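Contents: one structure, followed by commentary.
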Amino acid sequence: MLEKFSKWKQAFHTEEEKQYDRNLDLSRIPKHVAIIMDGNGRWASSRGLPRIAGHREGMKNVNKIVRAANALHVEVLTLYAFSTENWMRPKAEVDFLLSLPERYLKSELPTLIKENVQVRIMGTKEALPVHTIQAVDEAIEKTKHNTGLILNFALNYGSRFEMAEAMKQIALKVESGELRAEDINEDVIGAHLMSCQLKDPDLLIRTSGEIRLSNFMLWQLAYSEFWFTSVLWPDFNENHFREAIATYQNRGRRYGGL
Ligand code: IPE
Ligand code: IPE
Ligand code: MG
């Protein structure tokens with residue numbers, strides 16, 4: 001029996017993983033980790049597969065990282081799933097990308113509920129297919145009382161769109177007299193962003209070797225630590241995630257001070 005148990009433990013916790021665990025200071029885990037999940041297309045092309053095969057594989061990978069984040073008691077995991085610019089892709093690819101939330105939640109929602117994960121969404125529902133909105137709304141509703149990891153999907157999200165919308169809302173409040181122009185400050189702007197209920201990300205990860213933000217959380221990432229890897233999203237695993245956090249823990253955050 002004991003032998004069986006230790007085998008089970010080994011299967012779930014490899015020597016390599018233990019090494020990373022030892023390196024991590026569990027009292028200084030980033031509270032909010034945001035990931036630009038990039039490189040699905042290249043993952044597929046390098047195997048002679050159609051791009052959507054890469055997106056399917058990328059979707060499967062979400063679980064692995066959600067589990068790793070939950071186990072480390074990360075409070076918020078924001079995943080960039082579809083940008084406001086991704087509409088420029090061929091229709092078939094857009095349709096497939098927008099079918100992924102539904103596919104993912106259909107198979108994973110029961111597990112997310114069981115694992116105490118709260119599903120949230122950041123982006124505009126406008127133009128999203130009804131079936132996508134329904135799947136996401138159901139997940140948000142069914143997990144709203146959970147108290148564990150907040151799994152925040154940036155879906156049809158673009159930072160410039162988000163800021164323009166915030167400015168519009170603020171302008172309307174000034175116009176109606178609800179707000180005075182001289183009272184607009186950073187907190188007021190932050191409160192009108194789609195991320196208003198979340199702390200700013202502590203750590204941003206981007207996979208696939210691209211060193212850019214691609215219109216992702218421009219306001220919120222002002223003082224976040226950035227970690228880039230050439231690993232493509234479908235190949236990004238728990239160990240890479242831990243490596244990013246270990247690097248984060250070796251950075252000195254100064255916020256402009258000393
Ligand atoms: C990331 O992979 C997924 C989305 C942008 C939706 P890509 O589809 O951008 O893959 P690459 O960058 O072309 O390899
Ligand atoms: C950013 O990746 C968007 C998502 C990961 C959802 P892209 O692949 O769309 O970004 P660019 O085009 O390389 O800047
Ligand atoms: Mg890309």
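Just the residues that are more than 13 Å from ligand 2 (Cβ to nearest atom) and surrounded by fewer than 13 Cβ atoms within 10 Å (Cβ to Cβ), please, taken from segment 198-231.
K199, A222, Y223, S230
So R51 fits all but one of (1) more than 16 Å from ligand 3 (Cβ to nearest atom); (2) touching a helix residue (DSSP H, G or I) at 6+ places or on another chain (Cβ under 7 Å); (3) among the charged types (D, E, K, R); what number is the exception?
It is condition (1) that R51 fails.
Could you please give the count of residues in segment 32-83 that are in contact with a strand residue (DSSP E or B) (Cβ under 7 Å, 6 or more places away or on another chain) and polar (S, T, N, Q)?
Residues in segment 32-83 being in contact with a strand residue (DSSP E or B) (Cβ under 7 Å, 6 or more places away or on another chain) and polar (S, T, N, Q): 2 in total.
Would you mind stating whether T78 is within 14 Å of ligand 2 (Cβ to nearest atom), under 21 Å from K142 (Cα atoms) and hydroxyl-bearing (S, T, Y)?
Yes, satisfied.
For L221, work out the one condition from (1) in a loop (DSSP other than H, G, I, E, B); (2) within 16 Å of ligand 3 (Cβ to nearest atom) it doesn't fulfil.
Tallying (1) in a loop (DSSP other than H, G, I, E, B); (2) within 16 Å of ligand 3 (Cβ to nearest atom), L221 fails exactly one: (2).
I'd like the full set of residues that are buried (at least 20 other Cβ atoms within 10 Å of the Cβ) and within 15 Å of ligand 3 (Cβ to nearest atom), limited to segment 85-115.
L97, L100
Here is a check on your reading of the model: is A81 surrounded by 14 or more Cβ atoms within 10 Å (Cβ to Cβ), touching a helix residue (DSSP H, G or I) at 6+ places or on another chain (Cβ under 6 Å), not in a loop (DSSP other than H, G, I, E, B) and not polar (S, T, N, Q)?
No.
Taking segment 57-97 only, how many residues are of a type in the set (A, V, I, L, M, F, W, C), within 25 Å of L221 (Cβ to Cβ) and within 13 Å of ligand 1 (Cβ to nearest atom)?
Residues flagged as of a type in the set (A, V, I, L, M, F, W, C), within 25 Å of L221 (Cβ to Cβ) and within 13 Å of ligand 1 (Cβ to nearest atom) within segment 57-97 amount to 8.
Being more than 21 Å from R67 (Cβ to Cβ), buried (at least 20 other Cβ atoms within 10 Å of the Cβ) and out of contact with any Lys or Arg (no Cβ under 8 Å at 6 or more places or on another chain) is the filter here; which residues of segment 123-158 pass it?
G123, T132, Y157, G158
Here, each number is a calculation from the coordinates, and none is a lab measurement. Being a predicted model, the structure only gives us computed values, none of them experimental. Cβ atoms come from the backbone with ideal geometry, glycine included; neighbour counts cover every protein chain shown.
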